[in-house]
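Below is one structure; the comments refer to it alone.
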Amino acid sequence: MTLPHANTRNQKLLGGFYSFVVSFTFCVHFFVAKDVLHTISPTMLGAVRGVIGGLILYILFFSHVKGKFHWKTAATLLSIAFFGYFINQVLFLKGLKLSTPLNTAVIMNTIPVMTAIMAMIFRVEHFSWRKLIGCVIGFSMIALLIIFTSHSELVLAKQGNILIFASVITLCIATTQTKLLVKSGFPSTMISASMLFFGGLGLLCFVIDEIPTLIDYSIATEMNFAKMAFEIVIATSLIYLLSFKSLKYLSPSQSMIFIYLQPLMAAGIDYVMYDKFPPWILAPVFLGVLISGYLVMSADTR
């Protein structure tokens, strides 16, 4: 017989695994998308990822919808699509085009703090000193990373960084709304599908004339096709699905905690792929984010 606390621990581990996969894949996505954006506009890339990625999830998991569809649920889904994808992708991809993958990874580390704040405002989770201390430690480590590495980076594109931070706020709003729907019993698969499809459809309305450019780019080389397949199937359908699935087992702020590792992941990719040696400050930062992750993941969120 399995004890209840063992089930809770295993569920947290599963949610943590989902979150880690999401964080790592999004980090790779920063580099792939940055390259694609040299040819494809941010709005077009967001549109094709959303529409096709959402359709894939609808086809695979439409049977998860059961019972009547309440109008409040529909309104919440549209709100999640608006904040979590439509506005989010416009801000994020335009910001990424102006900034760098490493800067993007650093800025995205404000997500757990912003998510925790909004979750407490919407009363999705309760205040916890342990969680707050963990967030402060993690955010402090990212501040150290910015201070000690900014001199070796390219000149910061301030507009791009501002846009990326604005996308963080919209994502946190959508994450909090998602948690409310998940707690009500609505399937996370349909939340993911609806957010991607309707958010992507909204973007497509503005760039439908760019479809020929997208097609030409995608079929030009096998590598281009592979990049687009990664962006749509892996970095969109699979990752948004796992991201929302993690909310079944973790609080909103906990589901985002592994994002603290993204600057380290980005630095590693820079070293392996582009022979850029990471600065020494990454060692204490790595230790700090592990401590931060433990505090937030183990916090009582009842």
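The values are calculated or read from the model by the stated rules, or taken from the named source; none is laboratory data. Model, not experiment: these values are computed from the prediction. When we count neighbours, we look across all protein chains shown, and the Cβ atoms used for this are built from the backbone with ideal geometry, even at glycine.
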May I ask you to verify whether Ala75 is free of Cβ contacts under 8 Å to residues at least 24 places away in the same chain, of a type in the set (A, V, I, L, M, F, W, C) and assigned to a helix (DSSP H, G or I)?
yes
Spans of helices (runs of 4 or more DSSP H) in segment 217-269 with at least 2 residues in contact with a helix residue (DSSP H, G or I) (Cβ under 6 Å, 6 or more places away or on another chain) and either at pLDDT 80 or above or surrounded by fewer than 17 Cβ atoms within 10 Å (Cβ to Cβ) (or both)
222-229, 239-245
Using beta carbons and a limit of 7 Å, which pairs, at least six apart or on different chains, have the first residue in segment 193-212 and under 13 Å from Phe82 (Cβ atoms) and the second one at pLDDT below 95 and outside any helix (DSSP H, G or I)?
none
Is segment 140-158 home to any residue that is surrounded by 18 or more Cβ atoms within 10 Å (Cβ to Cβ), closer than 27 Å to Ser79 by Cβ and either in contact with a strand residue (DSSP E or B) (Cβ under 7 Å, 6 or more places away or on another chain) or at pLDDT below 85 (or both)?
no
Residue pairs meeting the criteria (Cβ under 6 Å; at least 6 apart or on separate chains; first on the phi < 0 side of the Ramachandran plot, in segment 21-37; second of a type in the set (S, T, N, Q) and surrounded by 17 or more Cβ atoms within 10 Å (Cβ to Cβ))
Val22/Ser243; Ser23/Gln262; Cys27/Gln262; Phe30/Thr104
Which residue pairs have Cβ atoms under 7 Å apart, sit 6 or more places apart or on different chains, and have a first residue in segment 91-103 that is among the polar types (S, T, N, Q) and a second that is surrounded by 24 or more Cβ atoms within 10 Å (Cβ to Cβ) and assigned to a helix (DSSP H, G or I)?
Ser99/Ile164
Matching entry among Ile191, Ile169, Ile232, Ile208 (being over 18 Å from Gly53 (Cβ atoms) and of a type outside the set (Lys, Arg))
Ile169
